[in-house]
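Notes follow the structure.
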Amino acid sequence: MTLQPLLIAATLAATLTSAACAQVVARDAWARATVAPQKASGAFMQLTAAQDARLVSVSSPEVPIVEIHEMTMQDHVMKMRQVPSLALPAGKTVELKPGGYHLMLLDLKKPLTAGDRLPLTLVIEGRDGRRERVDVTAEIRAPGAAGKPGHAH
């Protein structure tokens, strides 16, 4: 047996494995700045997956606990709860934003300062159960700032 058929088979397997990944793109990632002694904040972004996938976890070397949360209105009361994952339908942008789905940054050891950057690692699971990591850098924005940089709400 020659080496060439093995190389072709390995290349084909690698190509098929790559195609099975969710291929998620994150845009406009930002987190809300905090003031001492505030121990929590939120992070936001838009996520678009090439194939159906789920955001299953998030971590950061600078934040001890990062959770996926949802805010909903129930009986005229805004409620927030942790969710185990967030569906990312193929080709559709899912927005993590204030008042909706977002990432909770908990047990902060130091304030998040406007202008700094926060590294986040998203764990995405495809329909086939394979997981991939997406590294994102969120811009820290002043309280009251939302949406695009320089636009206060």
Selection within the range 111-144 - within 12 Å of Ala31 (Cα to Cα), assigned to a strand (DSSP E or B) and without any contact (Cβ under 8 Å) to a residue 60 or more places away in the chain: Arg117, Pro119
Close pairs from the range 50-73: first over 28 Å from Asp128 (Cα atoms) and at pLDDT 95 or above, partner charged (D, E, K, R) and in a loop (DSSP other than H, G, I, E, B), Cβ under 9 Å, at least 6 apart: Glu62/Lys109; Glu62/Lys110; Val63/Asp107; Val63/Lys109; Pro64/Asp107; Pro64/Lys109
Selection count, the range 22-44, where residues are of a type in the set (Val, Ile, Thr) and buried (at least 19 other Cβ atoms within 10 Å of the Cβ): 2
Residue match in the range 111-118 (condition: of a type in the set (S, T, N, Q) and in contact with an Asp or Glu (Cβ under 7 Å, 6 or more places away or on another chain)): no
Answer residue from the range 67-78, given it is touching a strand residue (DSSP E or B) at 6+ places or on another chain (Cβ under 8 Å) and surrounded by fewer than 19 Cβ atoms within 10 Å (Cβ to Cβ) and is farthest from Leu108 (Cα to Cα) among those: Met73
Residue in the range 106-145 that is nearest to Thr34 (Cα to Cα), counting only those that are surrounded by fewer than 16 Cβ atoms within 10 Å (Cβ to Cβ) and among the β-branched types (Val, Ile, Thr): Thr113
For Leu108: the one exception among (1) part of a loop (DSSP other than H, G, I, E, B); (2) closer than 18 Å to Ala29 by Cα; (3) touching a Ser or Thr at 6+ places or on another chain (Cβ under 7 Å): (2)
Count of the range 82-99 residues which are within 20 Å of Ala33 (Cβ to Cβ) and either touching an Asp or Glu at 6+ places or on another chain (Cβ under 7 Å) or of a type in the set (Gly, Ala, Ser) (or both): 1
Residue within the range 38-49 that is of a type in the set (Gly, Ala, Ser) and out of contact with any Leu (no Cβ under 7 Å at 6 or more places or on another chain) present: no
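The values are calculated or read from the model by the stated rules, or taken from the named source; none is laboratory data. Everything numeric in this text was worked out from a predicted model, so none of it was measured. Don't worry about glycine lacking a Cβ; one is built from the backbone with ideal geometry, like all the others, and counts go over all protein chains shown.
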